[in-house]
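The values are calculated or read from the model by the stated rules, or taken from the named source; none is laboratory data. Worth saying up front: this structure is predicted, and the values here are computed from it rather than measured. Neighbour counts are summed over all protein chains in view; Cβ atoms, including those assigned to glycine, are modelled from backbone coordinates with ideal geometry. All accessible areas refer to the heavy atoms of the entire protein, side chains included, with ligands and DNA or RNA removed. Shrake-Rupley method; radii C 1.70, N 1.55, O 1.52, S 1.80 Å.
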Amino acid sequence: GAGVSQSPRYKVAKRGQDVALRCDPISGHVSLFWYQQALGQGPEFLTYFQNEAQLDKSGLPSDRFFAERPEGSVSTLKIQRTQQEDSAVYLCASSRWTETGLYGYTFGSGTRLTVV
Amino acid sequence: GENVEQHPSTLSVQEGDSAVIKCTYSDSASNYFPWYKQELGKRPQLIIDIRSNVGEKKDQRIAVTLNKTAKHFSLHITETQPEDSAVYFCAASIRRGGTDKLIFGTGTRLQVFP
């Protein structure tokens, strides 16, 4: 597609509920990133995929957070047993990647998660 | 550790004046430094970027400078306009285990008064 697409745009979850957030990257972008952006803060790195391989998940805040990209295209970020502190905007970004670094790094519009 | 510091956190200028935002990074291996503009409720939009093999890059009213020795880079906006009002984020690439990720600064809220 023309850009990075995320769905849903907004999600309200009751505390303890599981949620799944979807990211559809730009076609041909092998690198895919998930970030968490709390209100008034910069994006915080969560995890990174190169094709279907999850190469870095050091930013996932707890084992309640799980991400996958089984076919190297669409990715899903799952949060189990949501807590109020999980409320944030979850941003997905995709990029081309070469040995010299990142190219064409583009963000999606994000999913605003509110846990009540 | 991986860290990008950004200042000031807020910046108010009169229309037509210049605005400067500064960032420092900790990883000397960082080689890519983008700047993003984020309007309320919208996605971060890339406005300019620089790679470590150049010291300065300009695009119309926007310029970025990079000092690799001091590990800092700056965004310069000249002839500011009210539509420049937004939150600006700097970022630096970090390479670990063959993968690249961006580490973001904490943001600068720029307000341009007419």
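Of all the criteria given as (1) loosely packed, with under 13 Cβ neighbours inside 10 Å; (2) free of Cβ contacts under 8 Å to residues at least 24 places away in the same chain, the one not satisfied by B:Gln14 is (2).
In the range A:1-14, of all residues being surrounded by 14 or more Cβ atoms within 10 Å (Cβ to Cβ) and not small (Gly, Ala, Ser), the one that is farthest from the chain's Cα centre (by Cα) corresponds to A:Lys11. When B:Ile77 is tested against (1) crowded, with 20+ Cβ neighbours inside 10 Å; (2) among the β-branched types (Val, Ile, Thr); (3) farther than 18 Å from B:Ser9 by Cα, exactly one condition is not met: (3).
Pull up the range A:15-55, narrow it to residues that are facing chain B (nearest Cβ under 9 Å), open to solvent by 40 Å² or more (accessible area, probe 1.4 Å) and not in a loop (DSSP other than H, G, I, E, B), then point me to the one that is nearest to A:Arg112 (Cα to Cα). In this case the residue turns out to be A:Glu44. Scanning the range B:23-45 for residues that are over 21 Å from A:Phe107 (Cα atoms) and either out of contact with any Asp or Glu (no Cβ under 9 Å at 6 or more places or on another chain) or exposed (fewer than 15 other Cβ atoms within 10 Å of the Cβ) (or both) gives B:Ser26, B:Ser28, B:Ala29.
Just one residue in the set B:Ile94, B:Ile62, B:Ile48 is of a type in the set (Val, Ile, Thr), in contact with an Asp or Glu (Cβ under 6 Å, 6 or more places away or on another chain) and either away from chain A (no Cβ under 14 Å) or surrounded by fewer than 21 Cβ atoms within 10 Å (Cβ to Cβ) (or both); that residue is B:Ile48.
With the structure loaded, tell me whether A:Ser62 is among the hydroxyl-bearing types (Ser, Thr, Tyr) and open to solvent by 20 Å² or more (accessible area, probe 1.4 Å) or whether it fails that test.
Numbers: among the hydroxyl-bearing types (Ser, Thr, Tyr): yes; open to solvent by 20 Å² or more (accessible area, probe 1.4 Å): yes.
Spelling it out, A:Ser62 is indeed among the hydroxyl-bearing types (Ser, Thr, Tyr) and open to solvent by 20 Å² or more (accessible area, probe 1.4 Å).
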